[in-house]
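K.L.:
Sharing a structure here in structure tokens format.
The values are calculated or read from the model by the stated rules, or taken from the named source; none is laboratory data. Please read these numbers as outputs of a predicted model, since none were measured by experiment. A quick note on method: Cβ atoms are made from the backbone with ideal geometry, for glycine too, and the neighbour counts reach across all protein chains shown. In case anyone asks, the SASA skips ligands and DNA or RNA and just uses the protein heavy atoms, side chains included. Shrake-Rupley method; radii C 1.70, N 1.55, O 1.52, S 1.80 Å.
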Amino acid sequence: MTADVRPSSSATAATPARRARSASQPRLSKAAQKGQQTKAAIIDAALSLASQVGLEGLSIGAIAEVMGMSKSGVFAHFGSREELQISVVREYHERFERDVFRPALQQPRGLPRLRALFDNWMRQTSLEIDSGCIYISGAVDFDDRPGPVRDALVETVTTWQAALRRAIRLAIDEGHLRADADPAQIAFEIHGLILALHYEARFLRSSRGLQHARTGFDNILARYLA
């Protein structure tokens, strides 16, 4: 037995209003979608600029000029310069995870995954030779400046470092590294290689940085192999 789904008289009377609302909804949805696309484009431009001049070099006016927008147009998406900087930090972190961390998860647990993480991290660092790493430049700009931007940087860096320590712990659990190995110490040493690679390649323009980093990584593993 089917239910009677015919509208009541009151519902019938409301149909024109419902139709009017339904007609307006697609336009609102398109406007919201366009707003999201514009915001994403602003963040992309801001990240590109920050990679050249650092987070401290970002401003609403500078991004407005790059985007060919008014300052008020940019301000409508980001209520402050600080909010723009934080959005750039989060976007950089998302791309870092996409390009460095997630591909490594396709490798078997243990040393294969740890090696993939380091290889991806080195590759990312080498690609940023002419632009710069937001993590590193941000640490220089905000190491002694408390506030939301520094907090966002610290959160993203500690998230990545925790992921690196987990990968090391898995290598220990798989029996690839010694049971008494300290994940925090190994992560510290690996991070040091990346910082040295960035300095050598970006500042000194040395072509041997990648080979030095690979050799350093192998030396670290050799000390801790099971």
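K.L.:
At what distance in angstrom do the alpha carbon centres of the range 116-136 and the range 138-164 lie from each other?
P.N.:
17
K.L.:
Per residue, how many Å² of accessible area does the chain show with a 1.4 Å probe? Intermediate values should be presented prior to the final figure.
P.N.:
Numbers: 13110 Å² over 226 residues.
Averaged over the residues of the chain, the accessible area is 58 Å².
K.L.:
Assign one of three labels to the range 133-213, namely rounded, prolate or oblate, based on the Cα gyration tensor with a ≥ b ≥ c the square roots of its eigenvalues; rounded applies when a/c is under 1.5, prolate when it is not and a/b is larger than b/c, and oblate otherwise. Write out the running numbers ahead of the final one.
P.N.:
Details: a/c = 3.22, a/b = 1.26, b/c = 2.56.
Oblate shape, in that a/c is at least 1.5 and b/c is the bigger or equal ratio.
K.L.:
In degrees, nearest 10, range 0 to 90: what is the angle between the Cα axis of helix 9-53 and the longest Cα principal axis of the chain?
P.N.:
30
K.L.:
Let me ask another. What list of ³J(HN,Hα) values in whole Hz, one per residue of the range 139-156 in order, does the Karplus curve 6.51 cos²θ - 1.76 cosθ + 1.60 (θ = phi - 60°) give from phi, with Gly and Pro shown as x?
P.N.:
With the stated coefficients, the range 139-156 comes to 5, 5, 6, 10, 4, 10, 10, x, x, x, 5, 4, 4, 5, 5, 4, 4, 5 Hz.
K.L.:
In whole Hz, with x marking every Gly and Pro, tabulate ³J(HN,Hα) for the range 158-169 from phi via Karplus 6.51 cos²θ - 1.76 cosθ + 1.60, θ = phi - 60°.
P.N.:
Once rounded to whole Hz, the list reads 5, 5, 5, 5, 5, 5, 5, 5, 5, 5, 5, 4.
K.L.:
Can I ask one more? Using amide H atoms built in the peptide plane, which far-off residues or other-chain residues are under 5 Å from GLY110 H to H?
P.N.:
Distant-sequence amide H within range of GLY110: ALA171.
K.L.:
Any chance you could give the angle, 0 to 90 degrees and rounded to 10, that helix 111-127 forms with the longest Cα principal axis of the chain?
P.N.:
It works out to around 80 degrees.
K.L.:
What's the carbon and sulfur percent of the range 62-194's accessible surface, probe 1.4 angstrom, rounded to a whole number? It would help to have the intermediate numbers written out before the result.
P.N.:
Values: 3390 of 6630 Å².
Carbon with sulfur: 51 percent of the solvent-accessible area.
K.L.:
If you take the Cα atoms of the chain, find Rg, then find the Kirkwood Rh from the mean of 1/r over all pairs, what is Rg/Rh?
P.N.:
Working: Rg = 24.8 Å, Rh = 20.9 Å.
Here the Rg-to-Rh quotient is 1.19.
K.L.:
Give the Cα extents of the range 97-147 along the principal axes, in whole Å, largest first.
P.N.:
So the extents along the principal axes, rounded to whole Å, are 40, 25, 16.
K.L.:
For a quick check: with amide H placed at 1.01 Å from N, whose amide H comes under 5 Å from LEU177's, ignoring anything fewer than 5 positions away on the same chain?
P.N.:
Residues meeting the amide H criterion: ILE172, ALA226.
K.L.:
Using r as the Cβ-Cβ distance of SER48 and ARG166, and R0 as 35 Å, what FRET efficiency do you calculate, to the nearest 0.05?
P.N.:
Efficiency computed from Cβ-Cβ geometry: 0.65.
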